[in-house]
Amino acid sequence: MKAVTVYLQIWMVKEIDRLVRQGVYKDRSEFIRHAIRELLRRERVIPFTDRGIPK
């Protein structure tokens, strides 16, 4: 993996942290990776298998 720095509005970070505290995601990075995968899938940029792993 490669690290990428992003700047988010405070309310976005608070919502991500809330989901992490609730146990929906392990940490912020997991949430952000999931969000990006979903957007790329929606935009049909990369094909995914049933397991969500790029072919």
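The values are calculated or read from the model by the stated rules, or taken from the named source; none is laboratory data. From a predicted model like this one, the values you see are computed outputs, not experimental measurements. Note that each Cβ is placed from the backbone with ideal geometry, even for glycine, and that neighbours are counted across all protein chains shown.
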Considering (1) assigned to a loop (DSSP other than H, G, I, E, B); (2) at pLDDT 95 or above, say which one L19 fails and leave the rest. (1)
Looking at region 30-45, is at least one residue of a type outside the set (K, R), in contact with a helix residue (DSSP H, G or I) (Cβ under 7 Å, 6 or more places away or on another chain) and at pLDDT 95 or above? yes
